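Novice: One structure follows; several queries about it will come next.
What follows draws every value from the coordinates through simple rules; no lab data is involved. Remember, it's a predicted structure, so these values are computed and weren't measured experimentally. Cβ sites come from the backbone with ideal geometry, for glycine too, and all protein chains shown count toward neighbours.
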Amino acid sequence: ERLDADYRTALKAGERLKVDTLRMIKAGMQRAAMDKRKDALTDEEVLQVLAQQAKQRKETIAAAQNRQDVLDQANQELAILHGYLPPQLSAEQLGRLIDEAVAAVGLNQGQMMKHVMAKASGAADGKTVSQLVGERIKRGT
């Protein structure tokens, strides 16, 4: 897998931050595999672990506004994580998925979220989708 190759390359090059970040990703993947009682994760499950790791970094950035050292490290780790995540969908693309969800399930927020997140498959942040779905429900049809 690409993570393992990048890990070995970073280790040989002495890129400490990248090595540490990739170790955290690999540990998260192992933890998820153990939780699911599997030897290996599917690509979708790996994307979920990566998205979870990215979310943790974003929360760290939000919480550590007065600690520049923590902010710098979290931003660098987030940049490394984004290299493994699929590109995020634009607001316009999400809008189209929300339109599809309305046509498929109506104006039920839970059902719309489920539909959009399944279609986006890791290419959209749940918080952003929730906000857009909420706006759409307020607007109505």
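Novice: Can you compute the helix-only [θ] at 222 nm over the chain? Use -39500 (n - 2.57) per DSSP H run of at least 4 residues, normalise by all residues, nearest 500 deg cm²/dmol. Provide the component values of the computation, followed by the final result.
Specialist: Values: 7 runs with 109 residues, N = 141.
The per-residue figure over the chain is -25500 deg cm²/dmol.
Novice: For region 28-141, what's the relative contact order in percent, using C-alpha pairs closer than 8 Å and at least 6 residues apart? It would help to have the intermediate numbers written out before the result.
Specialist: Details: 84 pairs, mean separation 24.5, N = 114.
Normalised by residue count, the contact order of region 28-141 is 22 percent.
Novice: Quick one: compute the contact order of region 94-141, relative version, from alpha carbon pairs under 8 angstrom and 6+ residues apart, as a percent. Walk me through the intermediate numbers first.
Specialist: Numbers: 33 pairs, mean separation 20.1, N = 48.
Value for region 94-141: 42 percent.
Novice: Find which of Val49, Gln30, Leu11 sits farthest along the positive direction of the dipole of region 1-65, computed with +1 on the beta-carbon of Lys and Arg, -1 on that of Asp and Glu, about the Cα centre.
Specialist: Leu11
Novice: Helix 109-120 against the longest principal axis of the chain: what's the angle in degrees, Cα atoms only, rounded to the nearest 10?
Specialist: Tilt relative to the chain: about 50 degrees.
Novice: Something else about it: Measure nothing but the geometry: give the 0 to 90° angle between the long axis through the Cα atoms of 2-13 and the longest principal axis through the Cα atoms of the chain, rounded to 10°.
Specialist: 30
Novice: Now for a different question. Looking only at Glu92, Glu100, Glu44, which one moves most when the chain is put into a Gaussian network model with springs between Cα atoms under 10 Å?
Specialist: Judging by the Gaussian network model, the answer is Glu92.
Novice: Turning to a different aspect of this structure: Can you give me the orientation-averaged projected area of the convex hull built on the Cα atoms of the chain, in nm²?
Specialist: On the way: hull surface 41.2 nm².
Dividing the Cα hull surface by four gives the mean projection, 10.3 nm².
Novice: Follow-up question, since we're still on this one. Each label point is 7 Å from the Cα along the Cα-to-Cβ direction; what then is the distance between the points at Asp35 and Glu135, in nm?
Specialist: It is 3.0 nm.
Novice: Between the helical axis of 68-82 and the dominant principal axis of the chain, each derived from Cα atoms, what acute angle in degrees is found, rounded to the nearest 10?
Specialist: 70
Novice: Let me ask another. Which one, Ala74, Ala124, Ala27, has the greatest fluctuation when you compute a Gaussian network model over the chain with C-alpha springs under 10 angstrom?
Specialist: Maximum among the listed residues: Ala27.
Novice: Of Lys55/Lys114; Lys38/Lys58; Lys26/Lys114, which sit over 24 Å apart, Cα to Cα? All intermediate terms of the calculation are to be shown ahead of the outcome.
Specialist: Numbers: Lys55/Lys114 19 Å; Lys38/Lys58 28 Å; Lys26/Lys114 27 Å.
Listed pairs above 24 Å: Lys38/Lys58; Lys26/Lys114.
Novice: Just going by the charge dipole of the chain, with Lys and Arg at +1 and Asp and Glu at -1 on Cβ, which of Gln111, Ala40, Asn75 is farthest out on the positive end?
Specialist: About the Cα centre, the residue reaching furthest to the positive side is Gln111.
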